[in-house]
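Okay, so here's the structure we're looking at.
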Amino acid sequence: INTVAFPLEFRFEIDLHSGTLFFVNPLVVASCNISAKVHLAKILLIGYHQEYLNTSFGSSLTEESYVHVWDVVQNIWFVGFFLGIWLSPVLNDRLGRKTGLLIANSTNFIAAIIQFVGVWQYLPVLLIIGRAIASVVTAVAFQAVILYLQESPPTSKRGSASYCSEVVFAAMCVVGMMLGTDELLGKNLPWLLAVNILPCAISILIVLLVPETPKFLLIRKKDRESAEAAIRFHHGQDVDVDSVVEELLQEADEDSHSAHSFKDFLVIAKEPHLRKIVILGASAMQITVSFWGAIYNSTQFMMDLNCSNFVATWSSTIMATIYFIGTLIGSQLIDRLGRRTLLLPCSLVSIVCWTAFTLSFYLQKSSDGWKYMGIAALMCFGIVYGCGIGAIAWFISAELAPQRYRSLIQSVCYTINTIILVAMTFALLPLYTSSVGPSTFLILYCAPSLLCLIYLTWQLPETKGRPTHEILNDLKISSGSLSSSRVVPSPSVDNTQSIKF
């Protein structure tokens, strides 16, 4: 179900015969994309998605031009992703999570074929078109799967179920990196892209077999019969359906079945507890920004630490493997320890890791052995990010938000994160190669993450094993008080209090 893609490191090579500069031969991999399905809080791996940028220029590039072109190439994905974010409320809320996911996966299948044909027939325009299409529908599918994993499983399994997408994402990062090496498919671009077509097709068939989420059917569609059937599918045939339905209805409000409108944006901006959810979600996502810097540029950073090309490349691959192991650990701990217990300490350790990585650049100048501190710092970052940051940051806004505003709040949080991510990623290499140097990591990653961590420590409620209406009640209380006319109604919450932020 989950479809995520991102470009990774590649290098420029010059064709000495034609004098043309090509994007070829990845240091790690171009990009990967994953699909997964939840059934009774367990995940089935569907496949992965490889994207390879292979375009040409009529002349060579200066070092400065290289930096700027590389910035554009690695961030262009987020342009389409940004557009797709705002398709999500339209498709996933109006048509349903399943329909939105089915449309996204079907379109991604077409995009995979277009990209394959583009490389196979040496038509870069098709490659660009396919990449653009995939980036848009990827955002829709990514948000759809988070909603699916939040709304389908039992409350006690909600955390581990939501980790499924992160586990598969990490696994496909490793698979993508391995297949992108020269020893496997790195020198055979058509096959590298063709590998993705079959999993995309399988993902369509699997989504057809999965029912809509019980919450959407019951609260938005008012279809109790279908909701009960979906509950039996996702929770098991022996589940007490009536008690599950009663719990779901606690989250319903008088407007939860109506279509979204522009007024919903005003409500989110006006209501303190909804506004607070956006701030909490955006703060959690801010801590994930440094991950993309590591994924995009870790090989280059290692080489700047005086590591050999072999060590630098395999250090990046090992970091991705450790990240995958971290997601497996986190998926087992999330419903035992809770969100705060994992997110907050792991976020603090990630800041320490980037600080140590920064120091290793300066210490390495006096003794080459300090470069191993930098390698160890990135390895440690990989496991703490996988264990307690990545998955939680992406699903926490959906877990906090009420049904009516869940998809919209999710889109707002993702939009804020995407804008910040693109800005920081564009700024990373120019600052890093300037007089600022490695201190760029402290400025772009450590300082903002520390501020967000302080706010999360202060305001983030624990959500482990708690129904949404109870979480919302806590948020309303912590936001202060407001006149009853401004409180979003909930059958289980006393709406006579007023709220302020």
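The values are calculated or read from the model by the stated rules, or taken from the named source; none is laboratory data. Model, not experiment: these values are computed from the prediction. We place every Cβ from the backbone using ideal geometry, glycine too, and count neighbours over all the protein chains shown.
So, of the residues in the stretch 392-414 that are farther than 18 Å from Leu342 by Cα and over 16 Å from the mean Cα position of the chain (by Cα), which turns out to be surrounded by the fewest Cβ atoms within 10 Å (Cβ to Cβ)?
Looking at residues that are farther than 18 Å from Leu342 by Cα and over 16 Å from the mean Cα position of the chain (by Cα), I get Leu408.
Identify, from the list Asn196, Asn108, Asn188, the residue that is of a type outside the set (D, E, K, R), at pLDDT below 90 and either crowded, with 24+ Cβ neighbours inside 10 Å or under 30 Å from Ala252 (Cα atoms) (or both).
Residue meeting the stated conditions: Asn196.
Matching residues to (1) in the same structural domain as Ala447 (by TED's automatic domain parsing); (2) closer than 16 Å to Lys371 by Cα; (3) touching a helix residue (DSSP H, G or I) at 6+ places or on another chain (Cβ under 8 Å):
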{"residue": "Thr299", "(1), (2), (3)": "yes, yes, yes"}
{"residue": "Cys307", "(1), (2), (3)": "yes, yes, yes"}
{"residue": "Phe310", "(1), (2), (3)": "yes, yes, no"}
{"residue": "Ser316", "(1), (2), (3)": "yes, yes, yes"}
{"residue": "Tyr323", "(1), (2), (3)": "yes, no, yes"}
{"residue": "Leu333", "(1), (2), (3)": "yes, no, yes"}
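Pull up the stretch 293-305, narrow it to residues that are crowded, with 21+ Cβ neighbours inside 10 Å and among the hydrophobic types (A, V, I, L, M, F, W, C), then point me to the one that is farthest from the chain's Cα centre (by Cα). Outline the logic, then answer.
Narrowing the stretch 293-305 to residues crowded, with 21+ Cβ neighbours inside 10 Å: 293-299, 301-302, 305.
Subset that is among the hydrophobic types (A, V, I, L, M, F, W, C): 294-295, 301-302, 305.
Values: Ala294: 15, Ile295: 13, Phe301: 23, Met302: 25, Leu305: 29 Å.
Applying the filter and picking the extreme gives Leu305.
For the stretch 118-146, what are the residues that are within 30 Å of Ile392 (Cβ to Cβ) and of a type in the set (S, T, N, Q)?
Within the stretch 118-146, Ser135, Thr138, Gln143 qualify.
Scanning for something part of a helix (DSSP H, G or I), small (Gly, Ala, Ser) and over 23 Å from the mean Cα position of the chain (by Cα), does the stretch 176-194 turn up at least one residue? Steps first, please.
Step one: list which residues in the stretch 176-194 are part of a helix (DSSP H, G or I), which gives 176-179, 189-194.
Next, only the ones that are small (Gly, Ala, Ser) stay: 176, 194.
Then keep just the ones that are over 23 Å from the mean Cα position of the chain (by Cα); that gives 194.
Yes.
May I ask you to list pairs of residues, at least six apart or on different chains, whose Cβ atoms are under 8 Å apart, with the first in the stretch 124-137 being within 28 Å of Ser411 (Cβ to Cβ) and at pLDDT 85 or above and the second being of a type in the set (Asp, Glu) and buried (at least 19 other Cβ atoms within 10 Å of the Cβ)?
Ala134/Glu51
Checking Pro153 against (1) out of contact with any Pro (no Cβ under 7 Å at 6 or more places or on another chain); (2) in a helix (DSSP H, G or I), which single condition isn't satisfied?
(2)
Would you mention how many residues in the stretch 128-174 are over 24 Å from Ile334 (Cβ atoms) and β-branched (Val, Ile, Thr)?
Summing the residues that are over 24 Å from Ile334 (Cβ atoms) and β-branched (Val, Ile, Thr) in the stretch 128-174 gives 7.
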